[in-house]
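Bear in mind that the values in this text are calculations on the coordinates, not laboratory data. Owing to the predicted nature of the structure, the values given are computational and were not obtained by experimental measurement. Using ideal geometry, Cβ is built from the backbone for each residue, glycine included, and neighbour counts are taken over all protein chains shown.
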Amino acid sequence: MGEILQIQVGRCGNRIGDNFWKTISNEHGLDEQGKSSGYLTDMQLERINVYYDESKGKNSLGKAFVFKMNTLNGTGGVYVPRAVLVDSDSTLLNTIGGRQCGGNAYRKENFVGGHGGTGSNWAKGYYGRGEMSRRVAEAVRSEAERCDRLQGFQLVHSLGGGTGSGLGGRVLNNIQASYPNRAAHTYSVAPWTAVSDEPTESYNASLSLARLVSGAQATYLADNRALFDACCGGSSGGGGASTAPAYADLNHLMSQIMSGVTTGLRFTGRLNADMKKCTANLVPYPRLHFFVPEFAPLTFRGQTDACAYTVPELSSQLCKAVRLQRRCTGAGAVAAVVMAAVMTFRSRSLTIEPRRGDVPLQPSTGQTTAPEHCWLPDNLKTASYGVPSHGLKNSGTVVANTTAVRDVFERYSRRSASMLAKRELLHLYMEEGMDSDEFQVALEQIESLMAEYLAIEQINYSGDDVYGDHENDRQLTTSMGCKITKSTVDGRNTLIL
Ligand SMILES: Nc1nc2c(ncn2[C@@H]2O[C@H](COP(=O)(O)OP(=O)(O)OP(=O)(O)O)[C@@H](O)[C@H]2O)c(=O)[nH]1
Ligand SMILES: [Mg+2]
């Protein structure tokens with residue numbers, strides 16, 4: 001199976017990335033040094049190479065490692081996370097690296113640290129860290145050479161921090177140029193003021209999002225607002241972990257989400273055998289590749305949940321979480337449209353194989369204010385896997401390509417536009433060689449993307465008069481030049497490629 005290389009950039013990227021490795025190491029039966037902690041099942045081993053390099057010569061400290069066969073199942077050596085860890089402030093990297101003996105077995109030459117953060121400045125990260133981006137390219141190149149059939153890259157970073165957004169964006173550009181045929185996906189953490197309130201975060205997020213439109217084929221948007229609300233039990237109304245959740249609480253949810261999203265890449269099952277298939281299932285138009293990922297059941301740091309949830313119970317929790325992404329729900333608000341979604345369920349017993357009708361993320365019938373509509377027929381894929389999430393009996397993950405992400409874009413572009421009009425804090429970016437045109441171009445990119453999302457919401461809601469008659473179907477051409485037919489029989493939209 002083709003390998004994936006994770007590049008984690010900045011403080012947020014490295015905290016979340018490190019949590020991800022801990023979570024999936026546990027699922028693959030590896031201890032914190034990357035050694036198999038006992039008998040590994042075929043399921044755990046079969047695709048372990050996707051995220052781990054089985055190193056049989058050296059351990060992470062570079063010392064000679066005596067390769068010992070595991071007498072139980074014939075595997076051995078150390079499974080090294082295929083990761084490059086990057087931060088312009090090395091403090092966190094030193095902590096992670098210093099934990100090597102008890103921590104994950106990262107390859108030590110893949111730590112790329114600098115001498116100081118960017119002070120939350122995208123321009124410093126993008127333009128001012130040339131030497132670091134060359135070292136990252138070198139680490140990426142040698143990791144890529146160790147792969148037999150590299151399928152792609154996943155970047156983990158924040159959109160608000162200068163290093164994660166700026167240097168992360170630079171790294172993504174370099175990857176695109178050097179590996180044009182490989183997939184590039186991102187796990188991007190969107191800032192929220194209750195969690196951090198650096199005034200430049202809106203600028204950074206706008207500049208970064210605008211580049212992700214063409215710089216990545218898939219972006220899993222982790223909104224700190226949604227993670228924070230989930231931890232507080234906020235919008236869902238349930239009891240949360242805390243009224244003032246720490247990053248560790250948010251990151252616990254995030255690592256569950258990432259483990260869930262990557263289940264189909266790491267274990268054998270019906271769906272998402274590789275990164276390209278993930279996007280084929282979810283992306284009707286290449287620019288509209290910003291996904292909302294959700295996980296159920298909601299469990300907080302240090303908690304386990306031994307409840308045997310059924311598929312309808314899990315999927316209804318997942319759909320509710322997707323629905324809550326549309327924030328502007330007042331009178332006249334347009335409902336978000338789910339263009340496509342993939343739901344995966346996990347349980348040791350595999351008794352939760354989803355059946356037709358179990359999953360309520362379907363076009364609504366008879367509801368005037370439907371929470372969501374499906375866009376393409378057959379656009380909801382489901383699958384189940386026989387490896388449970390850590391500490392849970394049954395769990396589910398959804399990745400939804402929903403127009404609700406428009407709200408996230410709007411949040412930063414509106415704030416950036418108002419700051420830009422007053423030229424607020426612009427000098428910090430000008431000092432790094434940027435000019436205000438670059439901001440304008442980024443905001444225009446976001447505006448046009450938001451218009452595309454809105455067009456899809458309006459197509460679903462517009463009257464029939466926009467469709468020309470075509471025997472049984474009515475057809476329309478969208479602003480993106482694609483044809484859509486609306487069946488006069490069941491009202492469903494079909495995209496003509
Ligand atoms: N969910 C989550 N968000 C985080 C975490 N750490 C930072 N953030 C968010 O990320 C943004 C700040 O980004 P950082 O990753 O700290 O910054 P950086 O990439 O290191 O860049 P510098 O500005 O150069 O330090 C803010 O929006 C924070 O709320 C974390 O551990 N988890
Ligand atoms: Mg930092």
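Along segment 152-166 the Karplus relation, 6.51 cos²θ - 1.76 cosθ + 1.60 evaluated at θ = phi - 60°, assigns HN-Hα couplings of x, 10, 10, 9, 10, 6, 9, 8, x, x, x, 6, x, 7, x Hz to successive residues, with x for each Gly and Pro. Around the Cα centre of segment 150-229, unit charges on the Cβ atoms of Lys, Arg, Asp and Glu (plus for the first two, minus for the last two) sum to a dipole of about 400 debye.
Computed from the alpha carbon positions, the gyration tensor of segment 104-193 leads to an equivalent ellipsoid with semi-axes of 22, 15, 13 Å, biggest first.
What the Cβ-Cβ distance of S349 and Q303 gives, at R0 = 22 Å and to the nearest 0.05, is a FRET efficiency of 0.55. With bins 10 Å wide beginning at 0, the percent of Cα pairs of segment 155-224 falling in each bin runs 23, 54, 20, 4. For the listed peptides 158-167, 196-205, 401-410, a ranking on the average number of other beta carbons within 10 Å per residue, highest first, reads 158-167, 401-410, 196-205.
With a cut-off of 16 Å on the backbone N, the residues of segment 433-447 near the modelled label site 7 Å out from A417 along Cα-Cβ are 439-447. Of the peptides 29-36, 250-257, 278-285, the order by per-residue mean of other Cβ atoms within 10 Å, starting with the highest, comes out as 250-257, 29-36, 278-285.
Taken over the alpha carbons of segment 237-315 as equal point scatterers, the Debye sum produces base-10 log I(q)/I(0) values at 0.12, 0.18 Å⁻¹ of -0.48, -0.96.
In terms of its Cα atoms, segment 134-272 spans 47, 41, 23 Å along the principal axes, sorted from long to short. With a ≥ b ≥ c the root eigenvalues of the C-alpha gyration tensor of segment 385-439, is it rounded (a/c under 1.5), prolate (a/b larger than b/c) or oblate? Here segment 385-439 falls in the prolate category.
A crude spin-label estimate for the pair R270 and E109, with each label 7 Å from Cα along the Cβ direction, gives 4.4 nm. When the listed pairs K124/K422; K22/K277; K35/K124 are checked against a 30 Å cut-off, the alpha-carbon distance exceeds it for K35/K124.
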